Amino acid sequence: MLDLVLPTVCEECRARSVYRARTADDAPAHIPRVLCATCVGRLSFMENPGCTHCQRKLATSQAPRRCTACMRERTALGSCTAQVAFTGNAEKWIHAFKYPHQGIAGLDPAPIAIAKALARDAAQTSPAPFPDVVVPVPLHVRRLRSRGFNPASQLARAIAKQTTSGLVTDLLLRHRDTPTQTNLGRNARRKNVRGAFSCTRNAPDNVWLVDDVVTTGSTLEEAARCLKAAGAKSVHAICIARTPERFR
Ligand SMILES: [Zn+2]
Ligand SMILES: [Zn+2]
């Protein structure tokens, strides 16, 4: 009844649009605050609720909510939620967010606003219980130095703020700078990330693990294994995008 009406400018097409938040359960509702309805319509959203781990569409009667392929895999993750497919405009914006231009062009707030809106929406979509802490997947110190920032930390900060839980960036350490895994098969990727992480202290019970793009999930899986070895009871992954299946 009490419509909150905010005039906004779409970050994608610069069209003036009107954002209406009708009810609190109009969720997830952060992306319509930064993109107009047309540009939201061009994103391909992941299946929700689909398989809790790969977000494939499930037959309605299928329970528990993991697909048969995921049921065959051992996993340290309670779930893995991404908001959109890493394709089209989402891919363009996320790339701009992760690799900002040098100088003044790198200060464009649009990719950051879109990435953070996707992160907040992914957090709302997630079936995970409320977290004690929000932990970004760390970059290796060498990569962090050359990049200047960890995109996953920025997303984790936005999620921690929304859930009013603590952001913890020094619990998980990355020892090995794993080379890009795009050309590796599933088993090779798992092997590639083995022992890549360690924890600096005991982990709290419920951890949300945040990354930008999930491909096979082997990095998240290894980080979750490490957090559980450090005492976490549940680890749920929250990402903004997922690589389409044909590229995995
Ligand atoms: Zn637009
Ligand atoms: Zn699945």
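Amide H of Met46 versus every other amide H placed in the peptide plane: which residues, excluding those fewer than 5 positions away on the same chain, fall under 5 Å? Amide H to amide H, under 5 Å and 5 or more residues apart or across chains, Met46 pairs with Val84, Ala85. Since only Ala241, Ala59, Leu173 are under comparison, the one whose Cα sits farthest along the positive direction of the charge dipole of the chain, derived from C-beta charges on Lys, Arg, Asp and Glu, is Leu173. Within the listed set Phe97, Phe86, Phe130, the residue fluctuating most in the Gaussian network model of the chain (springs between alpha-carbon atoms under 10 angstrom) is Phe130. For the chain, the longest principal axis of the Cα atoms and the long axis of helix 88-98 meet at an angle of about 70 degrees. Dividing the helix sum by the residues of the chain, where each DSSP H run of 4 or more adds -39500 (n - 2.57), gives a mean residue ellipticity at 222 nm of -9000 deg cm²/dmol.
Computed over the range 114-158, relative contact order equals 54 percent, with contacts defined as Cα pairs under 8 Å that lie 6+ residues apart. The label point for Met71 and the one for Ile104, both projected 7 Å from the Cα toward the Cβ, are 5.9 nm apart. Comparing mean-square fluctuations of Asp121, Asp177, Asp212 from a GNM of the chain with C-alpha springs under 10 Å, the top value falls on Asp177.
Placing +1 on the Cβ of every Lys and Arg and -1 on the Cβ of every Asp and Glu, with nothing else charged, gives the range 27-106 a dipole about its Cα centre of roughly 140 debye.
The angle between the Cα long axis of helix 109-125 and the longest principal axis of the Cα atoms of the chain comes to about 70 degrees, rounded to the nearest 10.
Taken over the C-alpha atoms, the chain has Rg and Dmax values of 17.9, 54 angstrom.
With contacts taken as Cα pairs under 8 Å and at least 6 residues apart, the chain reaches a relative contact order of 20 percent. Note on the chain: with a GNM built from Cα contacts shorter than 10 Å, the maximum mean-square fluctuation among Leu107, Leu118, Leu173 falls on Leu107. Assuming charge only on the beta carbon of Lys and Arg (+1) and of Asp and Glu (-1), the dipole of the range 45-247 about its Cα centre is about 560 debye to the nearest 20. Modelled spin-label separation between Lys92 and His140, with each label point placed 7 Å from Cα along the Cα-to-Cβ direction: 3.3 nm.
Using 18 Å as the cut-off for backbone N distance, which residues of the range 133-162 belong to the label zone defined by a point 7 Å from the Cα of Arg33 along Cα→Cβ? In the range 133-162, the label zone of Arg33 (backbone N under 18 Å from the point 7 Å along Cα→Cβ) covers 154-162.
Projecting the Cα positions of Thr164, Gly195, Trp208 onto the charge dipole of the range 45-247 (unit charges on Cβ atoms of Lys, Arg, Asp and Glu, taken about the Cα centre) puts Gly195 furthest along the positive direction. Taking the longest Cα principal axis of the chain as reference, the axis of helix 151-163 is set at about 70 degrees.
Expressed to the nearest 5 percent, the antiparallel share of DSSP beta bridges inside the chain is 35 percent.
Rule-based calculations on the coordinates, nothing more; no lab input. Computed from a predicted model, the values in this text were never measured in an experiment. Cβ atoms come from the backbone with ideal geometry, glycine included; neighbour counts cover every protein chain shown.
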